[in-house]
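A short worksheet on the structure shown next.
Every number in this text was worked out from the coordinates using simple rules, so none of it is lab data. Note that the coordinates shown come from a computational prediction; the quantities given were computed from them, not determined experimentally. With ideal geometry, Cβ positions are generated from the backbone for all residues, glycine too; neighbour counts draw on all protein chains shown.
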Amino acid sequence: MPKLAARMSRARPSAIMAVADKAKQLKAAGRDIVNFSIGVPNFLPGEHVYAAVREALARDSGQYGSNRGADALLDAFLVHLEGSGLGGYTRRNVATAIGAKHVLYNLAEALLDPGDTMAFAVPYWTTYVDIAEIVDAKMRLMPCPASQNYKLTPDQLDRALPGAKLFLFNNPCNPTGMVYTRDEIAALADVLVKHPDTWIVCDDIYNRMVFDGIGYHNFVNARPELRDRVIQVDSISKSYGMPGWRVGFVAGPENVAQAFVTLNSNHITNLPEIVTAAAVAALTGPQTITEHKCAEFQARRDQVHAAMNAIPGVVCPRPQGAFYVFPDVSCAFGKRHGGHVIASDVDLCNALLDAEGVACVPGSAFGDPNALRISYTCPPAQLADGLARFRRFFADLDASGHIEATAARAAG
Ligand SMILES: Cc1ncc(COP(=O)(O)O)c(C=O)c1O
């Protein structure tokens, strides 16, 4: 039998989906599960989006469309960019794809040759590693533990960039929820200016989900001379409650946007007309749902952050965006729960799911095995219940397993 391509032995299915699937199976089997695992916004778009879809259905041409994206959609995105202080782009600087994941995949194809180096911070969104592996790029990881608030420092960046073809930046960050302030962005931008051979890809899909009034800032605002190398990634998935509609955007130099036209013309061809109409309505219509959700997520952030920090030993930097909290739970390692020794983040997430029916994603899926990710978009009653179960799990940890586990690790 012929073999699959070598790249398929490097590609792995999403680790986040694995936890979500296990939680789903337990739920189907009748268990009472609180799902903190999956990063979906858990709200639907406004009625104006559905009205636009009905109208588009009535006049659907059923034909192939533009490989770059319909003009109305490109224009709607350009207006959003302008609102973020990123004026001066034209239709030739932008393109669309099937969600931000597809944008990132296209970018990897367009910018990286096999063996090229891509630099990014740890914790990272899992797909960065998977895409790098599929296109056979080398990864240069910059560890940003809880002790530095999960944020990249200018010095780390400066040391990592020589020889890197691409720097991938994620702000606000999944899984940590961290957001870089104006000053922090400016300091990183100063470093980027010193490394002219590196593309800068900004995965800023949570840019409308920023709390505490700190605002969303980007490298082009900070240092306009970076514009020729900065590539912005955006999506309607998280901010408009539309993850399944699959619309993503890229903005950058003309040759990068043109590469999307070439790639899209050879695989997806175009976004469907109906989906395009929905995305235009989301971007150009009332932004009240997005604003309301952002305020609601900020309140939930407070609730989850307070609950985590009330657990002795758990260290939880305070996120300022997206809808994730990423506590360092390494205080539990080596302890025992229900007779099982918790030796790792994966053990902890499995025990938490088995004992309390709470599904979280192990931090190792994001490159940080000391932590786990909580996505807090579930209904409010479930959130309070899940946090109470989480607290109970930690209260039930028995330190008597600690010595045994430490001894076993030393022996093994
Ligand atoms: C940081 C980050 N980038 C990109 C994506 C992909 O988003 P999309 O649904 O637009 O493909 C996600 C989705 O979870 C994400 O968290």
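Which loop trypsin sites (Lys or Arg not before Pro) in the range 203-248, with loop taken from DSSP, have no more than 12 other Cβ atoms within 10 angstrom of their Cβ? Filter output for the range 203-248: empty list.
Once you have the Cα-Cα distance between ASN350 and GLU82, take 0.36 nm times their residue separation minus that, and quote the gain in nm to one decimal.
That pair, ASN350 and GLU82, stretches by 92.0 nm at full extension.
The distance separating the Cα centre of the range 107-141 from that of the range 61-104 comes to 24 Å. Comparing THR176, ALA282, PRO312 along the charge dipole axis of the chain, the residue lying farthest to the positive side is PRO312, per the Cβ-charge model.
Selection among PHE249, GLY85, GLY30 by position relative to the dipole of the chain gives GLY30 as farthest towards the positive end (Cβ unit charges, Cα centre).
Once the C-beta distance of GLN148 and ASN266 is scaled by a Förster radius of 35 Å, the resulting FRET efficiency is 0.25 to the nearest 0.05.
Classify the range 120-172 as rounded, prolate or oblate from the Cα gyration tensor: take a ≥ b ≥ c as the square roots of its eigenvalues, call it rounded if a/c is under 1.5, otherwise prolate when a/b beats b/c and oblate if not. It comes out oblate by the Cα gyration axes.
Counting only Cβ charges, +1 for Lys and Arg and -1 for Asp and Glu, the dipole size of the range 279-412 around its Cα centre is about 160 debye. Applying a DSSP loop filter and a limit of 14 other Cβ atoms within 10 Å to the trypsin sites (Lys or Arg not before Pro) in the range 146-194 leaves LYS194. Global dimensions of the range 185-258 from alpha-carbon coordinates: Rg and Dmax equal 13.7, 39 Å. Dipole size of the chain about its Cα centre, with +1 on Lys/Arg Cβ and -1 on Asp/Glu Cβ: approximately 540 debye, rounded to the nearest 20. For the chain, the square roots a ≥ b ≥ c of the C-alpha gyration tensor eigenvalues yield an a/c of 1.5 or more together with a/b exceeding b/c, which makes the shape prolate.
Using equal-weight Cα scatterers in the Debye expression, the normalised intensity of the range 284-405 in log10 at q = 0.20 Å⁻¹ is -1.09. Computed about the Cα centre, the dipole magnitude for the range 142-216 is approximately 120 debye when only Lys and Arg (+1) and Asp and Glu (-1) carry charge, each at its Cβ. Helices assigned as whole DSSP H runs in the chain whose Cα atoms extend at least 30 Å along their own long axis and whose mean Kyte-Doolittle hydropathy is 1.0 or higher are not found.
Here is how the number arises for the chain: DSSP H runs of 4 or more residues each give -39500 (n - 2.57), the sum is divided by the residue count, and the result at 222 nm is -13000 deg cm²/dmol. Between ALA186 and GLU291, what FRET efficiency comes out of the Förster formula 1/(1 + (r/R0)^6) with R0 = 22 Å and r the beta carbon distance, rounded to 0.05? So the FRET efficiency works out to roughly 0.25. Placing pseudo-labels 7 Å out from each Cα toward the beta carbon at LEU141 and ALA18 gives an inter-label distance of 1.5 nm. Net length available on complete extension from GLN382 to PHE43 is 120.5 nm, with 0.36 nm assigned per residue and the Cα-Cα distance removed. Please work out the C-alpha center-to-center distance from the range 212-256 to the range 284-323 and express it in whole Å. Cα centroid of the range 212-256 versus Cα centroid of the range 284-323: 21 Å apart. Note on the chain: dipole from Cβ charges, positive end direction compared against PHE297, LEU157, ALA351; the farthest Cα belongs to ALA351.
In nm², what is the average projected area of the convex hull enclosing the Cα atoms of the range 65-178?
8.3 nm²
Two numbers describe the Cα atoms of the range 16-66: Rg and Dmax, which are 18.2, 47 Å.
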